[in-house]
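Colleague: One structure, as structure tokens, below. Some questions next.
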Amino acid sequence: VCPTAALTEINHTHKVWEALSDPDKHVVVQVAPAIRVALGELFGMEPGTIVTGKLATALKRMGFDAVFDTDFAADLTIMEEASELIHRIENGGKLPMLTSCCPAWVKFIEHQFPELLDVPSTCKSPHIMLGTITKTYYAKKMGLDPNKIVVVSVMPCIAKKAEAARPELTKDHTNNVDIVVTTREFATMLKEAGIDFKNLPDSDFDHPLGESTGASVIFGTTGGVIEAAIRTAYEWLTGEELKNVEFNQLRGMAGIREGTVKIKDMDIKIGIANGLGNARKLLEDIRDGKSTYHAIEIMACPGGCIGGGGQPYHHGNEEVVKKRQQAIYQEDRSKTLRKSHENPEILKLYEEYLGKPYGEKSHELLHTHYEARERI
Ligand code: SF4
């Protein structure tokens, strides 16, 4: 994971072209929240230009059979993660609960703090959840053979390539996600395809895995995952409407931040770290019994996924990352629905297939486990 380009990714674009040229395959693509505020930079646009609609159009023109949105699965992650947090709080479970959607930080805790493997949420990361739901629910709904579905993830992240290859993230010997390409690799593919990205018209993602709320968009920035979880946990715990969904005390770019959110008679203490050096400090406090947080969000990259190792290089220019962050919050504000549990396609997924959040089927499909690995 390297936003400064000291390390670069293994290129997997040829695998995507091979899948797209195989008439026997049904090729599904998904794009992460952070891509839509950064990809334009590789086509001469200003940092923070929102290109969501152009992205959907470009993917359709490239020939993907279905163009889905990882934001949908970010909403799904919140259904599970907020449920898990409430379950732990109400049942004396392990606290703090740590978010688990950043594979670089998950690998870090497995190597560096193997005694703390019961603190991260067991939720799979959003793109892995979407891969699972594509090869189960979507395959069934569309009458498709899951073995003939290829799931491609366009991610801001190099670590997601290794994550997709983790043995425990497979189901029935079918990878949940088959190919991961980064934002930079994807831009190369658009150029190879001769697509004039800057001048594309807008279009929408496909359904049933393309609807999303503002809560899912903010996954792209540091603090966003935990803010999205709090939006949902608040309404579930109080039964009251959360009128102001923007938790400014959780926002910003500082490497370690904290905030307290009052929910009913509880003060929920939140910690946030971005960058693994900062994560280490919060993890040492947990190990030493000094942590007082209920929940912690950790992202390996400074700024979160907007500053990810697969994004257009920013060479340490924090202003670029800040513009991407402002665009993320702008995209959130533009959404009619801003809480994950209001996403109608998510509600339908539970009604038709999963049952209830954090239930038996969800545990089977959407949760994972972690393993102690050799200290390095
Ligand atoms: Fe990947 Fe960085 Fe985002 Fe973690 S913070 S998921 S390493 S891009």
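The values are calculated or read from the model by the stated rules, or taken from the named source; none is laboratory data. As the structure is a computational prediction, the values presented were derived from the model and not from experiment. Here the Cβ is made from the backbone with ideal geometry for all residues, glycine too, and neighbour counts use every protein chain on show.
Colleague: Checking the condition out of contact with any Ser or Thr (no Cβ under 9 Å at 6 or more places or on another chain), over 22 Å from Glu115 (Cα atoms) and more than 16 Å from the ligand (Cβ to nearest atom), which residue from Gly289, Gly259 passes? Show your work before the answer.
Modeller: Values: Gly289 fails: over 22 Å from Glu115 (Cα atoms).
Within the list Gly289, Gly259, the selection yields Gly259.
Colleague: Say whether the condition of being assigned to a helix (DSSP H, G or I), surrounded by fewer than 20 Cβ atoms within 10 Å (Cβ to Cβ), within 16 Å of the ligand (Cβ to nearest atom) and in contact (Cβ under 8 Å) with a residue 24 or more places away in the chain is met by at least one residue in segment 299-318.
Modeller: Within segment 299-318 (the criterion being assigned to a helix (DSSP H, G or I), surrounded by fewer than 20 Cβ atoms within 10 Å (Cβ to Cβ), within 16 Å of the ligand (Cβ to nearest atom) and in contact (Cβ under 8 Å) with a residue 24 or more places away in the chain), the answer is yes, since at least one residue qualifies.
Colleague: Also, quick follow-up: Residues in segment 323-353 that are touching a residue at least 40 places away in the same chain (Cβ under 8 Å), in a helix (DSSP H, G or I) and either of a type outside the set (Lys, Arg) or over 28 Å from Ile109 (Cβ atoms) (or both): how many?
Modeller: Residues in segment 323-353 being touching a residue at least 40 places away in the same chain (Cβ under 8 Å), in a helix (DSSP H, G or I) and either of a type outside the set (Lys, Arg) or over 28 Å from Ile109 (Cβ atoms) (or both): 21 in total.
Colleague: Any residue in segment 251-258 that is touching a Lys or Arg at 6+ places or on another chain (Cβ under 6 Å) and not charged (D, E, K, R)?
Modeller: Checking segment 251-258: not a single residue is touching a Lys or Arg at 6+ places or on another chain (Cβ under 6 Å) and not charged (D, E, K, R).
Colleague: Still on this structure, I have one more. Out of segment 165-177, which residues are over 18 Å from Leu20 (Cβ atoms) and out of contact with any Lys or Arg (no Cβ under 8 Å at 6 or more places or on another chain)?
Modeller: Going through segment 165-177, the residues over 18 Å from Leu20 (Cβ atoms) turn out to be 165-174, 176.
Hits for segment 165-177 are Ala165, Arg166, Pro167, Glu168, Thr170, Asp172, His173.
Colleague: If you don't mind, there's one more thing I want to ask. What number of residues in segment 178-189 are over 15 Å from Glu18 (Cα atoms), out of contact with any Asp or Glu (no Cβ under 8 Å at 6 or more places or on another chain) and not small (Gly, Ala, Ser)?
Modeller: 2
Colleague: Here's another thing I want to ask about it. Six or more apart or on different chains, Cβ atoms under 6 Å: show the pairs whose first residue is in segment 131-151 and more than 18 Å from Phe64 (Cβ to Cβ) and whose second is part of a helix (DSSP H, G or I).
Modeller: Note: pairs meeting the criteria are Thr132/Leu365; Tyr137/Tyr353.
A quick yes/no check of all residues on (1) crowded, with 21+ Cβ neighbours inside 10 Å; (2) in contact with a helix residue (DSSP H, G or I) (Cβ under 7 Å, 6 or more places away or on another chain); (3) not aliphatic (A, V, I, L, M):
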residue	(1), (2), (3)
Asn176	yes, yes, yes
Lys198	no, yes, yes
Leu209	yes, yes, no
Ile218	yes, yes, no
Gly271	yes, yes, yes
Gly275	no, no, yes
Ala279	yes, yes, no
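Colleague: For a quick check of your reading: which helices (runs of 4 or more DSSP H) sit entirely within segment 7-116 and have at least 2 residues that are more than 30 Å from Asp285 (Cβ to Cβ) and away from the ligand (no atom under 16 Å from the Cβ)? Before you say what the answer is, go through the steps one by one.
Modeller: Details: elements: 13-20, 52-62, 70-90, 103-112.
Answer list for segment 7-116: 13-20, 52-62, 70-90.
Let's see how each residue does on (1) assigned to a helix (DSSP H, G or I); (2) β-branched (Val, Ile, Thr); (3) at pLDDT 95 or above; (4) touching a Gly at 6+ places or on another chain (Cβ under 6 Å):
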| position | (1), (2), (3), (4) |
| --- | --- |
| Leu130 | yes, no, yes, no |
| Tyr138 | yes, no, yes, no |
| Ala162 | yes, no, no, no |
| Val177 | no, yes, yes, yes |
| Gly194 | no, no, yes, no |
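Colleague: Now for a different question. If I ask for residues that are within 30 Å of Glu18 (Cβ to Cβ) and either of a type in the set (D, E, K, R) or touching a strand residue (DSSP E or B) at 6+ places or on another chain (Cβ under 7 Å) (or both), which ones from segment 212-243 would you list?
Modeller: Result: Ser212, single match.
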